[in-house]
Amino acid sequence: MRGYMWDRSRAAQLGITMACGVLGTACMMAEGVADGEGASAGANPDSELASALGEGTALTVSGSEDAHHGSLIQVEAAPKREDRLAHQSLHSLDLEVLGGYLDARAVDDQEVVEVDDLTIDIGDIDLPTEVISADVSFTGIQARLAHPTAAPLEWDESGASAEASASLDLVVDWGVSVDGGDMHPLAPVEVESLDIILEISANDDGHPVVELAGFRDGVFYEWAGLVELGGLSLDVRAGHKGA
């Protein structure tokens, strides 16, 4: 799941049909496993991974600095205009993931995965001058799961990996700093209907690893009538600390 997020090769690998453009256009995701390779819904594999998931697992989100397993987040920013967003004004920003945690468990004979908690700490978003002439940064950013979510699990035949598709809502807590001044808290923002795919496997030590890929098209926040944020995409990896 490493590499540029939600490029077309990645979409094909996950069996996703995507029609995405600039902010405000449609993005469709079709659930499925590429090429129909050996995944079966409702399986109850007798594997160490299934047992570990059944007991529940608390995982640490990898930061972006991890060269091999780092998490990635992108967001699109553009100036607010009466005629909506011109394509040439759209800027894709790479955000630094500082860490976080994810709590997940398998229930109903390992047929369903429940994500009970997800928190992602994110570095500052420095808006480019092409978006706004002032020195504006969003800071103190933490994205968290708005409420628990659940989805059917599809296991491979060996029980060594599983996959699930779902939609979840995130709440973003943050603040803003202008011209290097103090941070002023902003009201939390709810990012609704983030389509995700969870890939669950085990590392070399047998500990669960969860990779979460998600996309949410369209504008989800407008600041001061001047800037719009949207086109959120995530590629997040969570595992046991040090794994």
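Screening A150 on (1) surrounded by 15 or more Cβ atoms within 10 Å (Cβ to Cβ); (2) farther than 21 Å from S193 by Cβ shows it passes everything except condition (2).
The set of residues in the range 128-145 being of a type in the set (A, V, I, L, M), more than 19 Å from V210 (Cα to Cα) and surrounded by 15 or more Cβ atoms within 10 Å (Cβ to Cβ) consists of V131, I132, V136, I141.
Report, by residue number, each residue of the range 202-232 that is in contact with a helix residue (DSSP H, G or I) (Cβ under 7 Å, 6 or more places away or on another chain) and either at pLDDT 95 or above or on the phi < 0 side of the Ramachandran plot (or both).
First, pick out the residues of the range 202-232 that are in contact with a helix residue (DSSP H, G or I) (Cβ under 7 Å, 6 or more places away or on another chain): 202, 206, 208.
Within the range 202-232, A202, P208 meet the criteria.
If you go through the range 217-237 and keep only what is touching a Lys or Arg at 6+ places or on another chain (Cβ under 7 Å) and either free of Cβ contacts under 8 Å to residues at least 60 places away in the same chain or of a type in the set (A, V, I, L, M, F, W, C) (or both), you end up with L226, V227, L232. Taken together, the criteria place G63 among residues that are at pLDDT 90 or above and assigned to a loop (DSSP other than H, G, I, E, B). Scanning the range 93-122 for residues that are assigned to a loop (DSSP other than H, G, I, E, B) and in contact (Cβ under 8 Å) with a residue 40 or more places away in the chain returns D109, Q110, E111. Looking at V189, is it in contact (Cβ under 8 Å) with a residue 60 or more places away in the chain and surrounded by fewer than 22 Cβ atoms within 10 Å (Cβ to Cβ)? When the stated conditions are applied, V189 does not pass them.
Evaluating G180 against the criteria (1) crowded, with 17+ Cβ neighbours inside 10 Å; (2) at positive phi leaves one unmet condition, (1). If the condition is being within 30 Å of G181 (Cα to Cα) and among the hydroxyl-bearing types (S, T, Y), then the range 121-164 contributes T129, S133, S137, T139. So if I check each of E211, E199, E222, which one is over 18 Å from H69 (Cβ atoms) and touching a strand residue (DSSP E or B) at 6+ places or on another chain (Cβ under 9 Å)? On inspection, the qualifying residue turns out to be E222.
May I ask you to verify whether D204 is out of contact with any strand residue (DSSP E or B) (no Cβ under 7 Å at 6 or more places or on another chain) and either surrounded by fewer than 19 Cβ atoms within 10 Å (Cβ to Cβ) or not hydrophobic (A, V, I, L, M, F, W, C) (or both)?
Numbers: out of contact with any strand residue (DSSP E or B) (no Cβ under 7 Å at 6 or more places or on another chain): yes; either surrounded by fewer than 19 Cβ atoms within 10 Å (Cβ to Cβ) or not hydrophobic (A, V, I, L, M, F, W, C) (or both): yes.
Considered against the rule, which asks whether it is out of contact with any strand residue (DSSP E or B) (no Cβ under 7 Å at 6 or more places or on another chain) and either surrounded by fewer than 19 Cβ atoms within 10 Å (Cβ to Cβ) or not hydrophobic (A, V, I, L, M, F, W, C) (or both), D204 comes out as yes.
The values are calculated or read from the model by the stated rules, or taken from the named source; none is laboratory data. Source: prediction; values computed, not measured. All Cβ positions, even for glycine, are placed from backbone atoms using ideal geometry, and neighbour counts span all protein chains on display.
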